[in-house]
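The values are calculated or read from the model by the stated rules, or taken from the named source; none is laboratory data. Source: prediction; values computed, not measured. All Cβ positions, glycine included, derive from the backbone under ideal geometry; neighbour counts span all protein chains shown. Accessible surface is based on the protein model in full, side chains and every heavy atom, while ligands, DNA and RNA are left aside. Shrake-Rupley method; radii C 1.70, N 1.55, O 1.52, S 1.80 Å.
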Amino acid sequence: MSRRALTTAAAALTATTALLLTACGGGDDKSSDDIKGADTGSTSPSASASGGSDAKRPRITLPDNFQLTFQDWTSSDPVERAVLDDTREQLRAGYAAITANEPDGGDALAFYDTDSGLSQDQRWIKTYTDKNLTVFGKLPAFDAKVTVLGSNRTRAAVTYCTDESKAYTRDRKTSKVEGNPAGTDPEVFYTVTLRKNAENVWQNVSTQSKRGGCAS
């Protein structure tokens, strides 16, 4: 599995990668290219949305033509809800960097990533920016499940799925559009590991993806 799946366009340009989101990191041979999403609008929720942390969270803006949606990303447990909120915002920050053509990921991604997570995400983002690609379309993220780990509940794992069937890449210079190649499973299963920092922000440590790994 790879850190994130690549979009179809990127996949078409690189035979070993898949659609939009699969980034770098440990993963299967079928790197995929999924898009990450937000549940409403193009701007992230306020900092107070994630479990009452004192940290002031960055505002994240995505273009209107990229609809990243999160279906039922919630929990009655406040700690689990905080983990899901920060996982969502980290994903949005990664796509914001791609659409803004920021190879280093920008300040928002650095806020939601550990050092190792940021290094991995930067490699993922560059699979787009190095090829002058951006992303657009619709990328729902769904079936999220969270497990909080450790006696102090400072580590967590989140799994979720994305559906890339309506997500695309576009060449910034030629405007050429690519989607998932015919016969490619549009669903990608993700596993994210996180760690809570001193400011009570749940930061991404690593992400792995597996195309076709979602339950039907």
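Going by the structure shown, is Ser31 surrounded by fewer than 24 Cβ atoms within 10 Å (Cβ to Cβ), of a type in the set (Ser, Thr, Tyr) and either modelled with pLDDT of 95 or more or not in a helix (DSSP H, G or I) (or both)?
No; evaluated as a whole, the condition is false for this residue.
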For this session: Determine whether Ala97 is in a helix (DSSP H, G or I), touching a helix residue (DSSP H, G or I) at 6+ places or on another chain (Cβ under 9 Å) and open to solvent by 30 Å² or more (accessible area, probe 1.4 Å).
Result: no
Seminar exercise, completed: Condition set open to solvent by 40 Å² or more (accessible area, probe 1.4 Å) and of a type in the set (S, T, N, Q), scope the range 198-216, selection farthest from Leu139 (Cα to Cα): answer is Asn200
Seminar exercise, completed: (1) surrounded by fewer than 24 Cβ atoms within 10 Å (Cβ to Cβ); (2) closer than 17 Å to Glu164 by Cα all hold for Pro78 apart from (2)
Exercise. Which condition number does Ser165 fail, the rest of (1) under 13 Å from the mean Cα position of the chain (by Cα); (2) farther than 18 Å from Leu109 by Cβ; (3) of a type in the set (Ser, Thr, Tyr) being met?
Worked result: (1)
Exercise. Of the conditions (1) under 24 Å from Asp130 (Cα atoms); (2) open to solvent by less than 40 Å² (accessible area, probe 1.4 Å), Ser165 fails just one. Which one is it?
Worked result: (2)
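Based on what the data block shows, is Thr159 part of a strand (DSSP E or B) and within 22 Å of Gly213 (Cα to Cα)?
yes
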Problem set entry | In the range 165-216, the residues that are assigned to a loop (DSSP other than H, G, I, E, B), within 24 Å of Ala100 (Cβ to Cβ) and of a type in the set (Gly, Ala, Ser) | Ser175, Gly179
Problem set entry | Unmet requirement for Lys173, which otherwise passes all of (1) under 16 Å from the mean Cα position of the chain (by Cα); (2) open to solvent by 40 Å² or more (accessible area, probe 1.4 Å) | (1)
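Name the one entry in Ala198, Ala156 that is closer than 26 Å to Ala108 by Cα and free of Cβ contacts under 8 Å to residues at least 40 places away in the same chain.
Ala198
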For this session: Working only within the range 105-147, note down all residues that are among the aliphatic types (A, V, I, L, M), more than 15 Å from Arg170 (Cβ to Cβ) and open to solvent by less than 30 Å² (accessible area, probe 1.4 Å).
Result: Ala108, Leu109, Ile125, Ala141, Ala144, Val146
Seminar exercise, completed: Here the residues within the range 91-119 that are of a type in the set (S, T, N, Q) and farther than 22 Å from Ser165 by Cα are Asn101, Thr114, Ser116, Ser119
